[in-house]
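Only one structure is covered here, and it is reproduced in the block below.
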Amino acid sequence: MRLVDLSHPMEHGQDTFPSDPKLSIVSHGNTRTLKYNITQIVMSSHQGTHLDAMYHFLDDGKTLDQMPLEWFYGPVHLLRIPKHAREEITVADFLPYENLLVPEAKIIYETGWFRNFGNENFFEDFPSLTQEASAYLAGRNIRMLGMDTPTPSRDWYEVHHILLKKEIVIVESLTNLDQVPSEFTFIGFPLNLKGRDGSPIRAVAQF
């Protein structure tokens, strides 16, 4: 058995989605001041590698604590859809994988954009899922859609609504997808934040 970390490390001052809270990871005390090391962390519920609950965009949608644990764990299909900066991800990109897009399927697509994490353009020039492709995936009734981009689309408002209304878990900013096979077990549990909209995760591929 092999485990591959699909999560970006977090560090103080790391870039965030433009309108989100900034990440702060600072020492609160150490073995000299308090006799133990302890850290203060201030961050968005959507920092780094994370997942979106339905409540992120839908006031009547499920919150993290209302989502079944099975939604965050299980067999996944990885679709390799290489794209350059600002390219669109369309329905045509998913048609070769149509037999995998079945109800309750967990799907991740890799564009290669994870290699730009930490660069100035990571949150600006990412490949973007079209509204039409989002509606196509929602119509297939999949359970989870993961990606190596910071958000599915530059049409982020519309696309999140399309996917979350169908209770599709959105997992964003995955990494190291070039190190895993096309099928593996996905493990990506959020913190049990009562009544909240999303959470960073330690996403792991097991195969």
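Please indicate, with yes or no, whether at least one residue in the stretch 135-151 is within 15 Å of residue 16 (Cα to Cα) and of a type in the set (Gly, Ala, Ser). No - not one qualifying residue is present in the stretch 135-151.
Tell me whether the stretch 83-102 contains one or more residues that are charged (D, E, K, R), under 18 Å from residue 168 (Cβ atoms) and in contact with a His (Cβ under 8 Å, 6 or more places away or on another chain).
From the stretch 83-102, those charged (D, E, K, R) are 83, 86-88, 93, 98; that's our starting set.
Next, only the ones that are under 18 Å from residue 168 (Cβ atoms) stay: 93, 98.
Those left that are additionally in contact with a His (Cβ under 8 Å, 6 or more places away or on another chain): none.
So far as the stretch 83-102 goes, no, none of its residues is charged (D, E, K, R), under 18 Å from residue 168 (Cβ atoms) and in contact with a His (Cβ under 8 Å, 6 or more places away or on another chain).
On the stretch given as the stretch 15-50, residues that are touching a residue at least 24 places away in the same chain (Cβ under 8 Å) and either open to solvent by 90 Å² or more (accessible area, probe 1.4 Å) or within 30 Å of residue 182 (Cα to Cα) (or both) total 9. The set of residues in the stretch 99-135 that are open to solvent by 40 Å² or more (accessible area, probe 1.4 Å), touching a residue at least 40 places away in the same chain (Cβ under 8 Å) and not in a loop (DSSP other than H, G, I, E, B) contains only 132.
Here residue 162 meets the list (1) open to solvent by 30 Å² or more (accessible area, probe 1.4 Å); (2) in contact with a Leu (Cβ under 8 Å, 6 or more places away or on another chain); (3) among the aliphatic types (A, V, I, L, M) almost entirely, failing just condition (2).
Looking only at the stretch 1-14, which residues are open to solvent by less than 60 Å² (accessible area, probe 1.4 Å) and farther than 30 Å from residue 183 by Cβ?
Quick first cut of the stretch 1-14, residues open to solvent by less than 60 Å² (accessible area, probe 1.4 Å) only: 4-8, 13-14.
Listed by number, the residues that qualify are 13, 14.
Sort out for me the strands (runs of 3 or more DSSP E) sitting completely within the stretch 139-207 that have 2 or more residues that are closer than 18 Å to residue 50 by Cβ, modelled with pLDDT of 95 or more and not aromatic (Phe, Trp, Tyr). Here the list reads 144-147, 169-172, 198-200, 204-206. Cβ separations smaller than 7 Å between residues 6+ apart or across chains give the following pairs from the stretch 180-193 residues that are open to solvent by less than 30 Å² (accessible area, probe 1.4 Å) to residues that are assigned to a loop (DSSP other than H, G, I, E, B): 180/207; 184/207; 188/203.
The values are calculated or read from the model by the stated rules, or taken from the named source; none is laboratory data. These figures come from a predicted structure and were not determined experimentally. Methodologically, a virtual Cβ is constructed for each residue, glycine included, from the backbone with ideal geometry; neighbour enumeration extends over all protein chains shown. Keep in mind that these areas ignore ligands, DNA and RNA; they rest on the heavy atoms of the full protein, side chains included. Shrake-Rupley method; radii C 1.70, N 1.55, O 1.52, S 1.80 Å.
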